[in-house]
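Below is one structure, written out as structure tokens, with a few remarks after it.
Please treat every number below as a calculation from the coordinates, not as lab data. On a predicted model such as this, the values are computed, not experimentally measured, just so you know. Reconstructed Cβ throughout: ideal geometry from the backbone, glycine too, with neighbour counts over all protein chains shown.
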Amino acid sequence: MTRRLAGVFAVVMLRGFCMGQAPSQVDFFGGFSYVNRDISLSSPNALTGWNASAAFRVNHHYGVVADFSGYYPGYNPGCIGCGDHAKIYTFLFGPQVSITRGRVSPFARFLLGDTHMHPTIGGIPNYVTFTCNNSLTYGAGGGVDVGLTHWLALRGQLDWLHNGFQTLDNQRRFEEIHNVARISTGVVSRF
């Protein structure tokens, strides 16, 4: 029994030493996100929210990324039960290229997916403002990871995103916002 336990301990320790020499295969990112304009037209301000992603490495420089974010804009003119609010979620996927130089890992990527939006205009939930609640979204961007340890890093990234949302009201077409810049920062956990 003692030999078996010592053997399992040795395998676990050797695996840890070997993993320390190998590059990470999956990077999980989570953090704060800022978008320069509100695509839901429910707020005159910029958006803040969250951004999370998982990048799966195919080899040392190339990988595939799944990127998700959420924003909750709102504007209240001062009355109870009125105001404009929305829930906006993006689901994006695409290739990612990265280069690691010491503790610094810059990356670039192309993203394609969907943006889903639930507007509440004038206190009325699911008020129909746009022709559809979903829109094909694509974009490109990049950023840099600065390693704190082998398994943990800080990230700063900038993405350009384009959506195809269209309003139902022809007189509001000039208000449509199709291109936005997204800035995200947070922590990367590597496995």
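The table below lists the values:
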{"quantity": "Amide proton proximity set for residue 86, modelled H, under 5 Å, gap of 5+", "calculated": "120"}
{"quantity": "Cβ-based net charge around residue 95, under 15 Å, with every Lys or Arg adding one and every Asp or Glu removing one", "calculated": "-1"}
{"quantity": "Nitroxide proxy distance, nm - points 7 Å out along Cα→Cβ at residue 58 and residue 108", "calculated": "1.6"}
{"quantity": "Stretchable slack from residue 91 to residue 25, in nm (0.36 nm times residue separation minus alpha-carbon distance)", "calculated": "21.6 nm"}
{"quantity": "Lys, Arg +1 and Asp, Glu -1 on Cβ, resulting dipole of the range 24-190 about Cα centre, debye, nearest 20", "calculated": "500"}
{"quantity": "Using distinct alpha-carbon pairs, which all enter the 1/r mean, Kirkwood radius of the range 24-190 in Å", "calculated": "16.8"}
{"quantity": "FRET efficiency estimate (nearest 0.05) - Cβ-Cβ, residue 146 to residue 66, R0 22 angstrom", "calculated": "0.50"}
{"quantity": "Cβ-Cβ FRET estimate between residue 46 and residue 189, R0 fixed at 22 Å, reported to 0.05", "calculated": "0.20"}
{"quantity": "Tail weight of P(r) past 17 Å, computed on alpha-carbon pairs of the range 32-115, percent", "calculated": "58"}
